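The values are calculated or read from the model by the stated rules, or taken from the named source; none is laboratory data. Just so you know, these numbers come straight off a predicted model, no measurement behind them. FYI the Cβ positions are ideal-geometry reconstructions off the backbone, even for glycines, and counts take in every protein chain you see. The accessibility values were calculated without ligands, DNA or RNA, using every heavy atom of the protein model including side chains. Shrake-Rupley method; radii C 1.70, N 1.55, O 1.52, S 1.80 Å.
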Amino acid sequence: MFSKEEDKMVNLGFSSINEGFDEGVSQALNFLTEIGTGYLSEKKELEAEKTVVSIKEIGKAAALQGMENAAVNAIRALEKILQCSVDQNMQDTTVRVLLSFGAIGKTAAEQQMEMVAKLAASVLGKSGNTAALLNKKRETMAVIVGLGEIGKAVTKMKLPDLSENTAIFISCLGDVGKLTAQKSLEEAAVGVELMLQEMAAAAMQENLQNTVKNIAISIEEVGKNAEEENMENAVLQAASALQTIVSNTGNKYLNDASIAAKVALESFNELDIINNEANIKKIEAIREMMRELWVDSR
């Protein structure tokens, strides 16, 4: 349970958002950040996680109200807690913070707040690369889920220069995916491919041909890195995702995207990949794990 002072500051954050009062939100976030890092230093992880949830909810509420500075400040507050949780090797808090970036970024994207969404993606991208390099699977998966959810939201929104915005998320996911393949984190590589496939589906709904092309290329790159590391499930998922894109783009007359996906798919055609029940179950288990991570974080 929170102390009366903590409850008071959380309430100040939300009431300040309702009033459009940035200074009050900053005061609440500064207090919660200090308390949260203090809990982590004292190894009080459950208390720290509650603080993370409060900051996340304040950040989402700020985004919903169009308060860009307040939403940015929430992300910055979470960055400080992230650094502390990483230093203290507190995995559960780290995962919750990473997913919180995704939650705020997704809400911001839905409100057409480009800068906030891009900031959340930037923090996640850097964190994902670090986690993958250190072979931290749960943290890497949390980054992938967060990036993918923001990316899907951006793809669905009518933002100016949409292709540039979505390219950022495709690039971030692709870079994490290639690194996870190189580090033999197969579940994470499959996770990236699944998220890219979901982004492609959203892009096809909006007839975003260049976005679908870029996603197909990114999936191929992750798959080829996985092939070099003999990661059968990741190669299979890459081929499966590309086949799905080929089929769906053909139905929507997205000719350039369809051609790009076909070319990418052909690079896997000569591989002896057995699409058996064990492979399918493994990929579905990864999909479900990612879904549960996101549901738990919202």
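For this structure, a couple of remarks:
- Stretch gain in nm, segment N69-E284, where the contour uses 0.36 nm per residue and the Cα spacing is subtracted: 73.5 nm
- Heavy atoms of E187 accessible to a 1.4 Å probe, total area in Å² rounded to 10: 40 Å²
- Cβ-Cβ distance of K126 and Q243, R₀ of 30 Å, FRET efficiency by 1/(1 + (r/R0)^6): the value works out to about 0.40.
- 23 Å Cα-Cα reach of K118 towards lysines, excluding residues that sit fewer than 8 places from it in its own chain: K56, K60, K80, K106, K126, K152, K156, K158, K178, K213
- To the nearest ten degrees, helix 137-156 and the longest principal axis of the Cα atoms of the chain are 80 degrees apart.
- Degrees between helix 162-182 axis and first principal axis of the chain (Cα, 0 to 90, nearest 10): 80 degrees
- The trypsin sites (Lys or Arg not before Pro) of region 1-56 that meet both conditions, a loop assignment by DSSP and at most 10 other Cβ atoms within 10 Å of the site Cβ, are K43.
- Rounded if a/c under 1.5, otherwise prolate or oblate - region 6-123, Cα gyration tensor axes: oblate
- R0 of 30 Å, Cβ-Cβ distance N135-E228: FRET efficiency to nearest 0.05: 0.95
- Estimated inter-spin distance, E23 and N11, nm [label 7 Å along Cα→Cβ]: 2.1 nm
- Among the listed values [x] 14.9; [y] 20.6; [z] 17.9, the one matching mean projected area of the Cα convex hull in nm² as calculated from this structure is [x].
- Solvent exposure of the chain as accessible area per residue, Å², 1.4 Å probe: 44 Å²
- Each of the peptides 57-64, 89-96 was scored by the mean count of other Cβ atoms within 10 Å over its residues; in descending order, highest first, they stand as 57-64, 89-96.
- Acute angle (nearest 10 degrees) that the helix 114-133 long axis makes with the longest principal axis of the chain, alpha-carbon atoms: 70 degrees
- The chain: calculated mean residue ellipticity at 222 nm from DSSP helix runs of at least 4, using -39500 (n - 2.57): -29000 deg cm²/dmol
- The chain, accessible surface, carbon-and-sulfur percent (1.4 angstrom probe): 47 percent
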